[in-house]
Amino acid sequence: MKQFLFFVKKEFLHVWRDKRTMFILFGMPIMQILIFGFALTNEVKNTRIAILDNSKDETTAAIINQLQASRYFDVQETIQVNSELVPAFQAGNIKLAIVFPENFQEQLLHTHSAAVQLIGDATDPNTANTLINYASAIIIDYQSNLRNQIKFPYTIKTETRMLYNPQLKGSYNFVPGVMAMVLMLVCAMMTSISIVREKEMGTMEIILVSPIVPIRVVIAKMVPYFILSAVNIGSILLLSVYVLDVPIRGSLLLLVSECLLFTITVLALGLLISSIANSQQVAMLISLMGLFLPTIMLSGFMFPIENMPLGLRIFSNIVPAKWFYMIVRNIMIKGVGFEHVWKETLILIGMTVFFMVVSIKKFKTRLE
Amino acid sequence: MNVISVQNLTKRFGSFTAVDQISFNVEQGEIFGFLGANGAGKTTAMRMLCGLSLPSSGEAKVAGFDLYKDAEKIKKNIGYMSQKFSLYEDLTIRENIRFYGGIYGLTNAEIKEKTASLSHTLKIDDKLNTLVRALPLGWRQKISFSVAMIHKPKIVFLDEPTGGVDPVTRREFWTMIFEAANEGTTVFVTTHYMDEAEYCGRVSIMVDGKIDALGAPQELKEKFSAKDMGEVFLKLARGAKRGDD
Amino acid sequence: MKVVSVKNIEKIFKVGKSTVTALRDISFEIEAGELFGLIGPDGSGKTTLFRILTTLMLADKGTASVDGFDVVNDYKQIRKRVGYMPGRFSLYQDLTVEENLSFFATLFNTSIEENYDLIKDIYVQIEKFKTRKAGALSGGMKQKLALSCALIHRPSVLFLDEPTTGVDAVSRKEFWDLLRNLQQQKITILVSTPYMDEASLCDRVALIQDGKILDIDSPKGITKKFNHPLWSAQADNMFKLLTDLKSLVEVNSCYPFGQEHHVTFKDVRESVNDMQARLHKLGHTSIKFKKIEAGIEDCFMDLMKG
C-alpha cells in the first residue's frame with residue numbers, strides 16, 4: 001500500500017512540476033465553456049433584415065411592426081425596388097429579406113389568401129433556416145390574430161412550446177458536450193502520454209525490473225488524472241449554472257456519479273492507447289484522431305446523429321461520448337432520474353470494463 | 001597557414017562563463033584534438049567555431065572568415081559530424097548523400113560522381129539503397145564522415161565520432177581521418193578515447209572553460225611526466241572545480 | 001555458487017521483413033561476488049543480453065538463471081533481487097535527487113534509512129544536491145544517483161549497462177573505484193562497456209561481437225592467449241608507415257595504437273631487421289620496432305578476424 005501511495009505521490013509531482021500543462025488542464029475547460037457559452041452561439045438575435053413593401057397598406061405595416069418589435073430582427077433598410085435586393089445580400093448587410101406583393105391587404109381580405117416571400121441568405125444554411133422559421137412564426141402569429149377578429153369559422157391554431165429549453169439556448173447543448181471533450185483530453189490523452197513518457201525516458205525499464213505489480217502502476221497513473229477531472233467537472237458545472245444559467249434539473253448526485261463513471265471509461269481508453277503507442281507523439285495523435293474527433297463529430301453534440309447516414313449512425317454507437325452526452329443532457333436539462341438513463345449507463349459500464357480488461361491484458365510485464 | 005585562429009574567445013550564459021578566454025591556432029592539414037571533461041566547455045566552443053552560436057567576446061577566424069560577420073560563409077567551408085546526429089536513419093545511403101550534396105550546392109552530376117566514388121572506397125556498392133537504420137554503427141559513422149566531407153570543406157569538425165564503435169572500425173575511421181588530413185583538410189576532433197588523443201598532431205585540454213594544456217602529445221606527456229595521454233588528462237581534469245553539463 | 005548462468009541463449013529480432021540475430025548461442029557462468037565485464041562495441045548484443053537476464057525480454061532459445069531463479073518462470077523472484085541501471089539515464093528528471101531515491105526505495109518495499117550503509121559512499125557525494133532536480137545534475141552526478149537508486153534495495157546481483165559510455169576519463173575512473181568498493185559488500189556485478197581499456201578492471205570478462213562471445217577469461221588469461229609475437233612500430237611519417245606496412249605481404253595485421261602501430265607478421269620467425277630494411281627502402285626514417293605484450297584490444301581485434 002505504501003508503495004502504491006508513493007507512486008501516486010510521484011505522479012502528482014509530475015503533474016505539479018509541469019506548470020504549463022497544469023495551466024492548460026485547468027484553464028482549458030473554463031475557456032471552452034466560456035467560448036461555447038458566449039461566442040459560439042447559433043441563437044438568433046437582432047439579425048439585420050430588409051423589407052421590400054410593394055403594397056404599403058395597414059396589414060403590411062402591422063406585420064413589419066411586429067417583426068421590428070421582436071428581439072430577433074432589426075429591420076435595417078426598406079428597399080424600394082426588386083433590383084436592390086441582390087446587392088444588399090452581396091454586401092452582407094442583410095441575412096433575410098421579406099417581400100410583400102402589391103395589393104397585399106386587398107388580396108388577403110377578398111380572397112382570404114395572400115403570399116409573402118421570404119428570401120434567406122443560405123451561405124450559412126442553419127442560420128437561414130432559423131431566420132425563416134422565426135419570420136414565418138411571426139407572420140402566422142399575426143394571421144391568427146386576424147382570424148380571431150373576423151371570427152372565421154374553421155381555424156386550426158398551432159401553439160408551439162419548446163420544452164426544457166424554451167429560449168432555445170445553445171449552452172444547454174454545449175455544456176454536456178464540452179464536459180465530454182474536456183474529460184477526453186484530460187483523461188485519455190494525459191494518461192496515455194504520461195505512461196508512454198516513461199517508456200520513452202527508459203524509466204519504465206527500471207519499474208518493470210522491480211517487484212511492483214503492473215496493475216498498481218497503471219492505477220497509480222490514473223489517480224491524479226481522475227482527481228484532476230473531478231475538479232474540472234466541478235468547475236464546468238459551477239460555470240454552467242452560475243454564469244451560463246444552465247439548470248441542473250435532475251439529481252446532482254446522479255449527474256456527478258455519471259460524470260465520474262465516464263471519467264473512468266476515458267481513463268481506461270487512455271490506458272489502451274498507451275499500450276499501443278510507443279512515443280508521446282503517437283499517443284497524442286491517436287488520442288486526437290481516435291477519440292477527440294469522434295467525440296466532437298459523432299456524439300450528437302455538434303451534429304444530430306439522426307440525420308447521419310446509416311453507417312455513421314451505427315458507428316456512433318461505439319463512441320462512448322455519445323452515451324455520456326445523452327445521459328448528461330437527460331439528467332441536466334430534462335431532469336429525469338436513473339430509471340431513464342440506466343440503459344446508457346449500463347453501456348458505459350460495459351465499455352469501461354471492456355477497455356480496462358483489454359488494456360490490462362495488453363500491459364506488458366516485459367519490454368518487446 | 002592558420003585556418004582557425006582564436007583569441008580570447010568567451011561565451012557567457014548569464015553569470016556562468018562556459019568558455020573563458022580561450023586562444024589557439026590550428027594549421028591547415030593538422031589533426032587537432034579538442035579534449036576536456038564533460039561540461040568543460042568543449043561543445044560550446046565547437047558550436048561557436050561552427051558559426052552556430054555567437055561569442056560573448058573575443059576574436060576568431062575560421063577558414064579565413066570572421067565569426068561575427070561571416071558565419072554563413074564559414075558554414076559553407078566546414079563539415080560537421082557528431083555521434084548523436086549524422087545521417088537520417090529513415091533514408092537510404094544514396095538518399096542521404098543526395099540530400100547533403102544538395103544542401104552544399106553540388107550539381108546532380110557531382111552528386112552522382114560522389115556517390116559512385118564513395119561507394120567504391122567504402123565498399124558499399126550493394127548497400128546504397130539500404131536504409132541507414134539497418135547498418136551497423138561503425139559503417140554509419142564512416143559513411144557520415146564521408147558525407148561531412150562531400151563538399152571538400154577546409155575544416156571538418158568531428159564531435160566524438162567513434163563512441164561505441166568496435167576497435168577495428170575505429171581504426172579504419174581514423175585511417176580515413178589521416179587520409180583527409182594528408183590531403184590538406186584540417187580535422188578538429190573531440191574524443192573520450194585517450195589513445196585516440198595520441199593520433200592527433202596537437203591536443204588541447206579544456207578544464208573549467210579554459211585551455212589548460214596545448215601541445216603535441218609527446219610534449220604534453222613530457223611536461224606532465226605521464227606515460228600516456230590518459231594520465232595527462234587525469235592529472236589536469238582532476239583539478240576541475242565545476243560540475244559538468 | 002553460480003549466481004548467473006546462461007546456456008545457449010539466442011535472440012532474433014525482426015527488422016521490417018528481415019531478421020537480425022542479436023545473440024547467437026551465448027553461454028557463460030558468473031560466480032558469487034565476481035565483477036564480470038561484458039566488453040563489446042555498440043550493437044554487439046550487450047543490452048539485449050542484459051534485458052534477458054533482468055527478465056525484460058524473452059530469449060528465443062536457451063535458458064538462463066539469476067541467483068538460482070529461472071529468468072522466465074521465476075521472473076518475479078528475480079525482480080526482487082536484482083539492481084538494474086539501463087544504458088541511458090533512466091531516472092525522473094523532474095523529481096529531485098531525494099525524491100528519486102525514495103521513490104525507488106519504496107518501489108522495492110524498503111527505505112533509504114534501511115540500506116543507507118550500502119549507498120553511503122556514493123550518496124554522500126551527491127547529498128548536498130538532494131533538493132536539486134535530477135535533470136539539472138551533471139553527467140557524473142546523474143550516474144552516481146542512478147547507481148544509488150539501483151542499489152537502494154540491496155540487490156544480490158547488479159546489472160550495469162554501459163554506465164561509463166560518453167563519460168569522461170576522470171568520471172569513468174571514479175566510477176570504477178566505486179564498483180570495486182561495492183564488490184567488497186558481496187554484490188555480484190555485471191557491467192557492460194564498449195571501452196576495451198576497462199576490461200583490465202574486471203575479474204573476468206566476456207568479449208562480445210555481433211552477438212557472439214569471442215572469449216571468456218580473466219583479462220590476463222585473455223592476453224596470454226595472444227599467441228604470436230606483437231611488435232610496435234614507429235617512424236617519422238606515421239601515416240605513410242601505416243599504409244606501407246599494410247601493403248607489405250609479410251605483414252599479417254597493422255593497427256594504429258596511439259603514437260605507434262601494432263604489427264604482427266605472417267611468419268612468426270620474421271626478422272625485424274629485414275622488416276626495417278624493407279621500410280628503409282620505401283623511404284622511411286628513424287624506424288623503430290619493439291616487441292610488446294598484447295593488450296585486450298589487440299586480442300579483441302585478433303579474435304574479430306576469426
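Before moving on, here are some points about what is shown:
- Backbone N under 17 Å from the C:R88 label point (7 Å along Cα→Cβ), restricted to the stretch B:136-166: B:137, B:163-164
- Eligible aspartates and glutamates near C:K246 by straight Cα distance, threshold 13 Å, same-chain separation 8 or greater: B:E172
- Taking the charge dipole of the protein assembly as shown about its Cα centre, with +1 at Lys and Arg Cβ atoms and -1 at Asp and Glu Cβ atoms, the residue from C:S192, A:L237, C:L107 reaching farthest to the positive side is C:L107.
- Positive-end extreme of charge dipole, the stretch B:2-237 - chosen from B:G64, B:H120, B:Y193 (charges on Cβ): B:G64
- Highest-fluctuation residue, B:K114, B:K152, B:K223 considered, GNM on chain B with Cα pairs under 10 Å: B:K223
- Helix C:272-281 and the long axis of chain C differ in direction by around 70°, with both axes built from C-alpha atoms.
- Net charge contributed by nearby residues that have their C-beta within less than 13 Å of B:P153 (K/R +1, D/E -1): +4
- Nearest 10 degrees, 0 to 90: helix A:125-150 Cα axis against chain A principal axis: 40
- For chain A, the longest principal axis of the C-alpha atoms and the axis of helix A:214-242 are separated by about 30°.
- Cα pair count fraction exceeding 35 Å, expressed as % - the protein assembly as shown: 66
- Taking label positions 7 Å along the Cα-Cβ direction at both B:N25 and C:K281, the computed distance is 4.2 nm, reported to one decimal.
- Percent of Cα pairs exceeding the 22 Å cut-off, where the set is the stretch C:142-272: 54
- Using a Förster distance of 56 Å, the FRET efficiency for C:D121-A:L312 (Cβ separation, nearest 0.05): 0.25
- Over chain B: helical MRE at 222 nm, DSSP H runs n ≥ 4 each giving -39500 (n - 2.57), nearest 500: -10500 deg cm²/dmol
- Alpha-carbon centroid distance for the pair the stretch C:32-110 / the stretch A:185-238, whole angstrom: 24
- Mean residue ellipticity (222 nm) of chain A, computed from DSSP H runs ≥ 4 via -39,500 (n - 2.57), nearest 500: -19000 deg cm²/dmol
- Under 12 Å from C:K130, Cα to Cα: aspartates and glutamates that are on another chain or at least 8 residues apart: C:E98, C:E99
- Checking the Cα-Cα distances for C:K144/C:K173; B:K11/C:K128; C:K266/C:K291 against a 18 Å cut-off, the pairs over it are B:K11/C:K128.
- Over chain C, dividing the summed -39,500 (n - 2.57) contributions of all DSSP H runs of at least 4 residues by the number of residues returns a 222 nm mean residue ellipticity of -9000 deg cm²/dmol.
- When only Cα pairs below 8 angstrom with a gap of at least 6 residues are kept, chain A shows a relative contact order of 19 percent.
- Each Lys and Arg Cβ is given +1 and each Asp and Glu Cβ -1; about its Cα centre, the protein assembly as shown then shows a dipole of about 1160 debye.
- Exceedance of the 31 Å cut-off in Cα-Cα distance is limited, within the set B:K127/C:K212; A:K199/B:K123; A:K2/A:K322; A:K19/B:K76, to A:K199/B:K123; A:K2/A:K322; A:K19/B:K76.
- Among A:E344, A:E205, A:E58, residue whose mean-square fluctuation peaks in a GNM of chain A (springs only between Cα atoms under 10 Å): A:E58
- Once both labels are positioned 7 Å from their Cα atoms along Cα-to-Cβ, the gap between A:R216 and B:N8 label points is 6.2 nm.
- Modelled this way, with points 7 Å down the Cα-to-C-beta line, the labels at C:D74 and A:I30 are 5.7 nm from one another.
- R0 of 60 Å, Cβ-Cβ distance B:K73-C:T19: FRET efficiency to nearest 0.05: 0.80
- Database remark: amide H of B:L67 closer than 5 angstrom to the amide H of B:A60, B:V62 (H placed geometrically; neighbours at sequence offset of 5 or more, or on other chains; Pro and chain starts carry no H).
- FRET E, pair B:R133, C:K246, Förster distance 41 Å, beta-carbon r, rounded to 0.05: 0.80
- For the stretch C:142-211, the relative contact order comes to 38 percent (Cα pairs under 8 Å, sequence separation of at least 6).
A short reminder: the numbers here are calculations on the coordinates, not readings from a lab. Nothing here was measured: the structure is a model prediction, and the numbers come from that model. Neighbour counts run over all protein chains shown; Cβ positions are idealised from the backbone, glycine included.
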